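One structure is given here, and the rest of the page talks about it.
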Amino acid sequence: MINNLHRWLIFRLVMVWLVLSLVIGALVQYLGHTRLDDHVIKMAKTETSKYTSEFIAYLQSPSGSALSLFNRTTNALIGKDNLIVVEFYDATSRKITEAIKPAAAEIEKRLPKHGSEFIHTEEVVCEKLTMNQDIYLRVFVPVLDGRGAKIGYLEGIYHAPEEIVAQNRSHTLWSLILVVVIIFVTSLALYPLIIRLNRRLLDYSHILALTNIGMLKVLGSAIAKRDSDTNVHNFRVTLYSVRLGESLRLPDSAMQGLIKGAFLHDVGKIAIPDAILLKAGKLTDEEFETMKNHVGHGGDILSSYDWLSDADAVVRCHHERFDGSGYPAGLRGEEIPLNARIFAVADVFDALTSKRPYKEAFGVEISVGIIRDNRGSHFDPAIADLFLEQVEVLYRDICREDEPFLHSKLEGCIKRYFR
Ligand SMILES: [Fe+2]
């Protein structure tokens, strides 16, 4: 169980680590790209703004000599910065001139083309382009006169400096590594903490289980004291029931209900008057009707505690008969809960093989004969057959043993199913 817990926890923490690393890693990557884009756009805008004042001066006094002067100025500027192409247009979109870096014409041809959607824009527009891992920006800058009227625009292609791109990628990569390491270390730190908390929880659960089982024993002893002054009947019927339940491969949860129900099956007898409960002779019809109420009283007693709710099937239905002639509800066949059908065989066999105030103990042969005769009427035939297949072993291992031995066997069952 502990190993399972370690495996379970390691698997969960690794999954959490992977998922958080992926999600936060993607976020870091996105923020890195956004930061680079913002930085490059800012640089591109700064560089293109250097050209606008000279262009406005030319547009306000256009002439051949002004154009020559403007060309010299732009060619000088473009040699120093990261713009590789700058084209200048008047308000009618007629190209006035351009400045271009050597070899930039080839790059311009290979970059994706644009339509005329930016021509009429009144704001600076930057369009990001990538080619061979290089980042380019196509920049449109409207040129306005002193009154705010658009008198032309310039279009440039800006090549983001490689060192800036490399620096940003390195920064993003280190941020990613840092995030992954921090999540990993946090997961490692959580591991012993969760294990310790789980151990404490298991300790508390164990104490609670011991308390519940202690209460189960006390309640069982209280019934036995009233009825027969011995726990041995409760021990035997519980052990018979456990053997049958195991033969039927019941899940642990059903076994727990079977054990609790078998141990407390007659808890309702606490509410039956001594004159009836302890009567040596045969009960009258009226007394028997009163005695029948013990199943209902038992169910009512258990209903006050959730931990005992799975014992209810045995307590309320252990006197039902397979053919529908039992009590209190007259259930038949598989309407009777499986645990109650199992217990009915165990209870009757133990009653037959035990001495009671009104009868001597029957031998095993007679008891087996009665069980066999009542398969299909009183008992579920499949369960009766299963019991009869192993009755000799059960009789030897359980029926003939004394109370301390049976008690230790029962402790073993409790450890097995209430661990
Ligand atoms: Fe009973």
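Read-outs: derived from the displayed coordinates by stated rules, not from any lab. These numbers were taken from a predicted model, which means no experiment stands behind them. So basically every Cβ, Gly included, is an ideal-geometry build from the backbone, and we count neighbours across all protein chains shown.
Under Stokes-Einstein, with the Kirkwood radius over Cα pairs as Rh, the value for the range 228-417 at 4 °C and 1.567 mPa s is 77 µm²/s.
Considering helices alone, the calculated mean residue ellipticity of the chain at 222 nm is -20500 deg cm²/dmol, with DSSP H runs of length four and up weighted by -39500 (n - 2.57) and normalised per residue. Against the longest principal axis of the chain, how steep is helix 403-417, in degrees 0 to 90 to the nearest 10, with axes from Cα atoms? It is inclined by approximately 20 degrees. Efficiency by 1/(1 + (r/R0)^6): what FRET value for L129 and S205, r their Cβ-Cβ distance, R0 = 41 Å, to the nearest 0.05? About 0.05, to the nearest 0.05. With a 10 Å cut-off between alpha carbons and a GNM built on the chain, which of A311, A189, A103 moves the most? Of A311, A189, A103, the Gaussian network model singles out A103 as fluctuating most. The mean sequence separation of alpha-carbon pairs under 8 Å and at least six residues apart, normalised by the residue count of the chain, gives a relative contact order of 12 percent. Dividing the C-alpha radius of gyration of the range 213-303 by 2.2 N^0.38 Å, with N its residue count, gives 1.17. Placing +1 on the Cβ of every Lys and Arg and -1 on the Cβ of every Asp and Glu, with nothing else charged, gives the chain a dipole about its Cα centre of roughly 1080 debye.
In debye, nearest 20: dipole of the range 2-169 around its Cα centre with unit charges on the Cβ of K, R (+) and D, E (-)? The dipole of the range 2-169 has a size of about 480 debye. Kirkwood radius for the chain, taken over all pairs of different Cα atoms as the inverse mean of 1/r, rounds to 29.8 Å. Against the chain, whose longest principal axis is taken from its Cα atoms, helix 232-247 shows a tilt of about 50°. For the range 334-419, applying the loop criterion from DSSP together with a ceiling of 14 other beta carbons within 10 Å to the chymotrypsin sites (Phe, Trp or Tyr not before Pro) yields Y358. A straight chain from H171 to K109 at 0.36 nm per residue would run longer than the Cα-Cα distance by 19.1 nm.
Spin-label model, D306 to D402: label points 7 Å out along the Cα-to-beta-carbon direction sit 4.3 nm apart. By the Stokes-Einstein formula, at 1.567 mPa s and 4 °C, the range 330-418 with its Kirkwood radius over alpha-carbon pairs has D equal to 91 µm²/s. Loop-located trypsin sites (Lys or Arg not before Pro) across the range 212-251 with a Cβ neighbour count of 15 or fewer within 10 Å are R249, with loop assigned by DSSP. Helix 64-78 and the longest principal axis of the C-alpha atoms of the chain enclose an angle of approximately 40°. Overall, the ratio between the Cα radius of gyration of the range 2-169 and 2.2 N^0.38 Å, rounded to two decimals, is 1.49. The alpha carbon centroids of the range 338-353 and the range 73-126 are separated by 98 Å.
What the phi angles of the range 18-28 give under the Karplus curve with 6.51, -1.76 and 1.60, with θ = phi - 60°, is a coupling list of 5, 5, 5, 4, 5, 5, 5, x, 5, 5, 4 Hz, glycine and proline written as x. The trypsin sites (Lys or Arg not before Pro) of the range 1-86 that DSSP puts in a loop, and whose beta carbon has at most 14 other beta carbons within 10 Å, are K80.
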